[in-house]
Amino acid sequence: PSAALALLCGSAATVVVWKWLGKRQIQKKMEEARRSRDEGVKKMAKAVQQFREQVPSVQMDAILSLPLLELTGRLREGSLSPKTVLYTYLEKALEVTQQTNCLRHFIPECEEQLQEIQQQREKGLLYGIPVSIKDHIGHKGHLSTCGLVQCLGARVQEDSVLVKVLKIQGAIPFAMTNVPQSLFSYDCSNPIFGQTLNPLNHQKSPGGSSGGEGALIAGGGSILGIGSDIGGSIRLPSSFCGLCGLKPTAERLSVQCTHLLNVDVCSHPTPVPCALGPMARDVDSLALCMKALLCQEMFRLDPTVPPIPFDEEEYASSAPLRVGYYDTDGYFPLPPCMRRAVRETREALQAAGHQLVPFSPPRVHYVMTELFLKTFFADGGHTWLDVFTGDVVDPNLKSQVNCCKIPRLGKKLLSLILKPLQFLLFLKLKNVAMISTCRSVTEMWNHHHQIEVYRTEFIARWRELQLDAVLCPVLGPAFTTGYPGKLLTAISSTMLYNVLNFPAGVVPVSTVTEADEEELKLYQGCCDDPWDQILKQAVAGAVGLPVAVQCVALPWREELCLRLMKEVETLSHEK
């Protein structure tokens, strides 16, 4: 017995030591990644300082205040040099990331790209424009971490197609921005590089998963950024940070060499695909970016992208539009200020001569639980859980990770216990881990078919009303940090158009008022249950923060979507 006890104790001690060594190895990798980032920041700060000493007369504020269209004009005519613009934005980015922790890494090769564009025969549409890109968009020689320790080893071997086209058009990628761990969150925090803050209010989240982009652009440290969107990851940061952002039809722009959960997006297609798209301070910037990207070089480098150039005529049209509208999707009641934004925008569009038609999206509850979540948790979340193997789980994701870890029998028992209580907070968490599961290949194929059936139903209702586009709400205002992880299914307003694969964009139209804050105190949501109370806590204290609306068009009609966004932007500025 004593020998057996000694063996047992020795085995237990071995396990403890092994786990400790594993955790220590993880900590070393994270410390090395942070040290590498900090060294890159110091080098860039030194380069900026040297430039300022060489050219002390640069009027930084004047350059930063220029809209993208005007800046491109000044660069092309030669009244501003690409070097001056690049170092101006580098200096501002250093300031913004110091305040918000929005950058994952500077791209030192931006200085080489600066030399290359000056040797190009023709000046591209984005000649001399500094561009920031989201962490997981491939750039040669750099990591695509997705906020995961397991992704810290291998560097990307070649530029993604989108980065190649940006460079061909004269743009200068200069920074990669922070993301939430695994990208499956609309906060922006990971254990390696930490929490990114909203530059408009440091108590608030910038949104996610393109939260680093949102914070950098809103803080003035970038004039144009590229994000990705698979459930609202461009539109939610745009809403939270007061930016314009466009999620195109997924196949409109190339996603080659874009990594999601440590795999190439192209090699793992899903029925709810990932889309890359632009984020900027105004709609014209989004349109210029799309025009630059939708070029022959994009179509040549990635033949899977339909060769459809940007339709300038549709974007510039002034013909009246027939616009469907709704201020709630019937699934997740949004705060009063977001519904006010839709109402005021609807009234402004009507006064401008457009025709507004009530529209109700069908069966959003079914879409959320049976279509969207089942796409990502078809195997009960096991694939997602695998990415955390040998990793530290970010606190903002722990509730979701723990929910997925519950055994299937435990989930069934939990469902039976909670169902009669109508305890919606936990029922929503349960949706992630239990309802959204495919038990066989046949069921998986049927799931794909049901998404197509729903798209057909939605388009039929759209055409029955003869709509050009739809005006609807988007989640906001900005949540207090830490709260997005508690309200995963609050993203129904954006998620719907990922399932449908419709182009959708966000435009800020107002700000939260004292009256909105008072009205929020009376907000009851569905049932005034704990879930609704958490939403009230998440958005409280937002006076002065941006309030946005969402504009949607049918697939491949990005120009029409942008055209409605531009109209909304113009009317909101006039007001």
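Applying the selection to region 272-287, what residues are open to solvent by 30 Å² or more (accessible area, probe 1.4 Å) and either in contact with a Phe, Trp or Tyr (Cβ under 9 Å, 6 or more places away or on another chain) or not in a helix (DSSP H, G or I) (or both)? Before the answer, list the steps.
To start, the set of residues in region 272-287 that are open to solvent by 30 Å² or more (accessible area, probe 1.4 Å) comprises 281-282, 284.
Scanning region 272-287 gives 281, 282.
Kindly indicate which of 395, 407 is open to solvent by 50 Å² or more (accessible area, probe 1.4 Å), more than 26 Å from the chain's Cα centre (by Cα), over 30 Å from residue 549 (Cβ atoms) and not assigned by the TED database to the domain that holds residue 446.
Values: 395 fails: more than 26 Å from the chain's Cα centre (by Cα).
After applying the criteria, what remains is 407.
Of all the residues in region 206-230, those that are open to solvent by less than 10 Å² (accessible area, probe 1.4 Å), out of contact with any strand residue (DSSP E or B) (no Cβ under 6 Å at 6 or more places or on another chain) and not hydrophobic (A, V, I, L, M, F, W, C) number 6.
When restricted to residues that are surrounded by 17 or more Cβ atoms within 10 Å (Cβ to Cβ) and within 30 Å of residue 467 (Cα to Cα), region 360-392 contains 11. Residues that are farther than 24 Å from residue 240 by Cα and open to solvent by 50 Å² or more (accessible area, probe 1.4 Å) within region 320-343 comprise 320, 322, listed in sequence order. Here region 55-102 is the region considered, the condition is being closer than 24 Å to residue 204 by Cα, aliphatic (A, V, I, L, M) and out of contact with any Ser or Thr (no Cβ under 7 Å at 6 or more places or on another chain), and the residue that is surrounded by the most Cβ atoms within 10 Å (Cβ to Cβ) is 96.
Say whether the condition of being of a type outside the set (A, V, I, L, M, F, W, C), within 14 Å of residue 510 (Cβ to Cβ) and either in the same structural domain as residue 533 (by the TED database) or surrounded by 18 or more Cβ atoms within 10 Å (Cβ to Cβ) (or both) is met by at least one residue in region 347-355.
As a first pass, look at region 347-355 and keep what is of a type outside the set (A, V, I, L, M, F, W, C): 347, 350, 353-355.
Those still in the list that are within 14 Å of residue 510 (Cβ to Cβ) too: 347.
After this cut, where a residue has to be either in the same structural domain as residue 533 (by the TED database) or surrounded by 18 or more Cβ atoms within 10 Å (Cβ to Cβ) (or both) as well, the list is 347.
Within region 347-355, one or more residues are of a type outside the set (A, V, I, L, M, F, W, C), within 14 Å of residue 510 (Cβ to Cβ) and either in the same structural domain as residue 533 (by the TED database) or surrounded by 18 or more Cβ atoms within 10 Å (Cβ to Cβ) (or both).
The rows are residues; the columns are (1) closer than 20 Å to residue 238 by Cβ; (2) among the hydroxyl-bearing types (Ser, Thr, Tyr).
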{"residue": "483", "(1), (2)": "yes, yes"}
{"residue": "499", "(1), (2)": "yes, no"}
{"residue": "511", "(1), (2)": "yes, yes"}
{"residue": "523", "(1), (2)": "no, yes"}
{"residue": "527", "(1), (2)": "no, no"}
{"residue": "530", "(1), (2)": "no, no"}
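Residues that are under 17 Å from residue 549 (Cα atoms), buried (at least 24 other Cβ atoms within 10 Å of the Cβ), in contact with a Lys or Arg (Cβ under 7 Å, 6 or more places away or on another chain) and not assigned by the TED database to the domain that holds residue 373: does region 232-239 have at least one? Looking through region 232-239, at least one residue is under 17 Å from residue 549 (Cα atoms), buried (at least 24 other Cβ atoms within 10 Å of the Cβ), in contact with a Lys or Arg (Cβ under 7 Å, 6 or more places away or on another chain) and not assigned by the TED database to the domain that holds residue 373.
With respect to residue 442, is the statement that it is more than 24 Å from residue 206 (Cα to Cα) and at pLDDT below 90 true? Here the answer is yes, as residue 442 does meet what is asked.
Taking the condition closer than 26 Å to residue 190 by Cβ and open to solvent by less than 30 Å² (accessible area, probe 1.4 Å), does residue 114 pass?
Values: closer than 26 Å to residue 190 by Cβ: no; open to solvent by less than 30 Å² (accessible area, probe 1.4 Å): yes.
Against the criterion (closer than 26 Å to residue 190 by Cβ and open to solvent by less than 30 Å² (accessible area, probe 1.4 Å)), residue 114 does not qualify.
Does residue 45 satisfy the condition of being surrounded by 12 or more Cβ atoms within 10 Å (Cβ to Cβ), in contact with a strand residue (DSSP E or B) (Cβ under 9 Å, 6 or more places away or on another chain) and in a helix (DSSP H, G or I)? The answer is no for residue 45. Within region 292-342, the set of residues being assigned to a loop (DSSP other than H, G, I, E, B) and closer than 30 Å to residue 537 by Cα comprises 326, 327, 328, 329, 330, 331, 332, 333, 334, 335.
Of all residues in region 121-177, those that are open to solvent by less than 10 Å² (accessible area, probe 1.4 Å) and aromatic (Phe, Trp, Tyr) total 1.
The values are calculated or read from the model by the stated rules, or taken from the named source; none is laboratory data. Model, not experiment: these values are computed from the prediction. Don't worry about glycine lacking a Cβ; one is built from the backbone with ideal geometry, like all the others, and counts go over all protein chains shown. These area figures cover heavy atoms from the full protein model, side chains too; ligands, DNA and RNA do not enter into them. Shrake-Rupley method; radii C 1.70, N 1.55, O 1.52, S 1.80 Å.
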